[in-house]
Amino acid sequence: MIKEYENFEVWFITGAQLLYGGDAVVQVDGHSKEMVEGLNASGIIPVKVVYKGTANSSDQVEAVMKAATNDAKCVGVITWMHTFSPAKMWIKGLQALKKPLLHFHTQYNAEIPWNDIDMDFMNLNQSAHGDIEFGHICTRMRVQRKVVVGYWKSGEAQKKIAVWARAAVAAADAHDVRCLMFGMNMNNVAVTDGDRVEFEQRLGYHVDYYPVSSLMDYFKKVSDADTDALVEEYKKLYTIKIDESGEKVYWEKVRNAAKAEIALRRVLADEGAKAFTTNFDDLGDADIDAPGFVGFDQIPGLASQRLMQEGIGFGAEGDWKTACLCRSLWVMSRGLPNGNSFLEDYTLNFAEGKTSILQSHMLEVCPLIASDKPKLEVHFLGIGIRKQQTARLVFTSKTGCGTKATVVDLGNRLRMITQDVECIEPKPMPKLPVASNLWVPQPSFEVGAGAWILAGGTHHSAFSYDITAEYWEDFAEMMDIECVCINKDTTTSSFKQLLRNNEVYYMLNKALK
C-alpha cells in the first residue's frame, strides 16, 4: 500500500460452499487470510487488500457485494473460488455490484502434492473448475471484469492486480471530478468537443462552464504579499533565465503569472474542482492597453504547468475530455517515478530515418516529465486575443518508452485510444522557448500516426512514461467504453478491420438494448 492511496481499499472475497462441512470452510478461510496478507506484504499492490471472508450462499454473496457497492473506501472487488462455488449463488450479488471486479484464477498451493494428494485435498482445492464456473456466470451476465491467472505469490500476477487497482482508484476518483471551463471550447473545433452529458453518464466526470469574469474577480483580490511569496518559491525551484524581455519586464510577467496561479488555485478550491480548461480567445474583457489594467497578460501557462504537477487535470482550448483524463492519469500514477503530462501533436519531422512528431503546446506542458531542472523564462506569445510576453517553464522531456491516451466522442459511443511511443532526444530549438517532447509513434511513424488518425484520435493527449495501455484498458472496461490500442504489433490492415468490427459490435449492442 502506498501513502497516496491510504483512504482506499480493495475487497477480497473467497467463494466456497458448505457441502464439504464447516471444517473445510475454516481451512479455506485460513488459506485466504494468508494469501491476502501475502498480497499486502509484497509491496507491489498499491492499495490495501482487505479480506471479507468466504461467501457460502446466495444471501452471503449478495450481502457482501451490496456492502462493497455502498462502501466509499472500497474501489473494487477481487474474487477467488477456492472450492467449487456454484455460480447460481453469485447471480444476485453480481447484479448488486457496482464496483470494478477482478477475478483471480489462482490456487493456495503452488504445486500438486503428488505423494500426498487424496480425495480430501481434491474436494477442498477446486479452483481449477470453481473459477471456471464463476467465469461462466460472469460471461453469461455480461459482467465486465479483469481476469488474472497466476500463482498468488507470483510477482507477475501481483503486478497485474496492481495495474487494475490503480485503474480502480482512478475510476472512483473520476466520479468525484468537477472540471471548470474558463471560456468554452475553441471555435469550430470538433475533436475537443462532444456530449458532456454522455461523458458524465459513462465516466463520471462533471464539466461546467465558469465565467472568466468571475475568475478575474479572484485575480484582482490577490495581494502583493502572496504574490511575492510565490515568486520567491519560483526562484528556489527553477533556473531563472532573463532573455530579450529585460529584467523589469521579466519580473512583471513572472508576478502576473504568480497572481494568475493564486487566483486559479482559489477558484478551483472554492468550487471543488479537480480539472480545468483555458482558451486563449477568452481572457476577460479588459483592455490590456487601458490605464490601470488588471488581468492575465496571456493564457496562464505557468499556472497550468504547476497545477498539473499537483494533480489538477488540464486541457487547452477548452478540451474538457483531455483535462479530465489528465486528472485520472495523475491519480493512476501516484508513487510512480517518471511523470505524466498534457501534450499536443505540434509539428512533424520527416527527416530521413528520423521521422517523429514534436509534442508541445504554447505553454502548458507538465514539469513532471522534464529531463532536467526547468528554466523560468519570459517570451512573446503571438496567439489569441492578447499577443504579449508571458512566463512559462522551458525544458525538454525524458527519453524512453511512454503511452499516450485520449477519449473521443463518436456520437454513438465514447472511444478510448492508446498508443505506445518512443521518446527520443530532440535537436536544440533556440527560437522555440517552450517545453517539449519528441517521439516516434509505434510500431513506426507511418503506421502509428496513420492508425491514430483512422481511430479518430485527438491532437491533444494524456501522456505518461509509467502508465501503459494495460492500465487504460482496465480503466475503459470499468467505465464500459470502447478501447483500442496501437502498439508494436499493429498493422494498418488489422487495425482497420478492428475498427470495422467494433463499429458493428457497438451498433448491434445499442440495437439490442
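Asn256 - would you say it is under 18 Å from Glu232 (Cβ atoms) and either acidic (Asp, Glu) or touching a residue at least 40 places away in the same chain (Cβ under 8 Å) (or both)?
When the stated conditions are applied, Asn256 passes them.
Would you please name the residue that is surrounded by the most Cβ atoms within 10 Å (Cβ to Cβ), looking only at residues in segment 78-130 that are closer than 29 Å to Lys159 by Cβ and small (Gly, Ala, Ser)?
Selected residue: Ser85.
Give the residues of segment 244-257 that are open to solvent by less than 60 Å² (accessible area, probe 1.4 Å), closer than 19 Å to Leu432 by Cβ and part of a loop (DSSP other than H, G, I, E, B), sorted by residue number.
Of everything in segment 244-257, just one residue is open to solvent by less than 60 Å² (accessible area, probe 1.4 Å), closer than 19 Å to Leu432 by Cβ and part of a loop (DSSP other than H, G, I, E, B), namely Ser245.
Return yes when Ala55 is open to solvent by 40 Å² or more (accessible area, probe 1.4 Å) and hydrophobic (A, V, I, L, M, F, W, C) and no when it is not.
No: the conditions fail for Ala55.
Find the strands (runs of 3 or more DSSP E) located wholly in segment 388-454 whose residues include 3 or more that are among the small types (Gly, Ala, Ser), and list them.
Where strands (runs of 3 or more DSSP E) fall fully within segment 388-454 and carry at least 3 residues being among the small types (Gly, Ala, Ser), they are 400-409.
Could you pull out the residue among Val50, Val61, Val26 that is open to solvent by less than 10 Å² (accessible area, probe 1.4 Å) and either more than 31 Å from the chain's Cα centre (by Cα) or within 27 Å of His175 (Cβ to Cβ) (or both)?
Val61
Sort out which residues of segment 400-456 are within 20 Å of Thr491 (Cβ to Cβ) and charged (D, E, K, R), and write them in order of number.
Scanning segment 400-456 gives Lys404, Arg415, Asp420, Glu422, Glu446.
Taking Asp466 as meeting all but one of (1) in contact with a Gly (Cβ under 9 Å, 6 or more places away or on another chain); (2) in a strand (DSSP E or B); (3) open to solvent by less than 30 Å² (accessible area, probe 1.4 Å); (4) under 21 Å from Asp372 (Cα atoms), write down the number of the exception.
For Asp466, the exception is condition (2).
Restricting attention to segment 400-429, and to residues there that are open to solvent by 20 Å² or more (accessible area, probe 1.4 Å) and closer than 21 Å to Asn502 by Cα, which single residue is nearest to the chain's Cα centre (by Cα)?
Asp420
Based on this model, can you work out whether Ser304 counts as closer than 24 Å to Val434 by Cα, of a type in the set (Ser, Thr, Tyr), in contact with a Phe, Trp or Tyr (Cβ under 9 Å, 6 or more places away or on another chain) and part of a loop (DSSP other than H, G, I, E, B)?
So Ser304 does not fit the description; no.
Exactly one of these conditions fails for Asp71: (1) farther than 27 Å from Leu203 by Cβ; (2) surrounded by fewer than 18 Cβ atoms within 10 Å (Cβ to Cβ). Give me its number.
Only one criterion is unmet by Asp71, namely (1).
Does Tyr209 satisfy the condition of being touching a residue at least 40 places away in the same chain (Cβ under 8 Å) and among the aromatic types (Phe, Trp, Tyr)?
So Tyr209 does not fit the description; no.
Which of the residues belonging to segment 317-375 are farther than 24 Å from Tyr234 by Cα, part of a loop (DSSP other than H, G, I, E, B), open to solvent by less than 40 Å² (accessible area, probe 1.4 Å) and in contact with a Lys or Arg (Cβ under 9 Å, 6 or more places away or on another chain)?
Ser333
Could you please give the count of residues in segment 295-325 that are on the phi > 0 side of the Ramachandran plot and without any contact (Cβ under 8 Å) to a residue 60 or more places away in the chain?
Of the residues in segment 295-325, 1 are on the phi > 0 side of the Ramachandran plot and without any contact (Cβ under 8 Å) to a residue 60 or more places away in the chain.
Could you list, in sequence order, the residues of segment 79-106 that are in a loop (DSSP other than H, G, I, E, B) and either charged (D, E, K, R) or modelled with pLDDT under 95 (or both)?
Across segment 79-106, the qualifying residues are His82, Thr83, Phe84, Ser85, Pro86, Lys98, Lys99.
Can Thr69 be described as free of Cβ contacts under 8 Å to residues at least 24 places away in the same chain and assigned to a helix (DSSP H, G or I)?
no
Taking the options Gly43, Gly76, Gly53, name whichever one is more than 24 Å from Gln126 (Cβ to Cβ) and part of a strand (DSSP E or B).
The unique qualifying residue is Gly76.
Name the single residue, out of those in segment 469-494 being touching a strand residue (DSSP E or B) at 6+ places or on another chain (Cβ under 9 Å) and of a type in the set (Ser, Thr, Tyr), that is surrounded by the most Cβ atoms within 10 Å (Cβ to Cβ).
Among those residues, the one meeting the criterion is Tyr471.
The values are calculated or read from the model by the stated rules, or taken from the named source; none is laboratory data. What you see is a predicted model, and the numbers here were worked out from it, not measured in a lab. Reconstructed Cβ throughout: ideal geometry from the backbone, glycine too, with neighbour counts over all protein chains shown. Heads up: the accessible areas ignore ligands, DNA and RNA and are worked out on the full protein's heavy atoms, side chains in. Shrake-Rupley method; radii C 1.70, N 1.55, O 1.52, S 1.80 Å.
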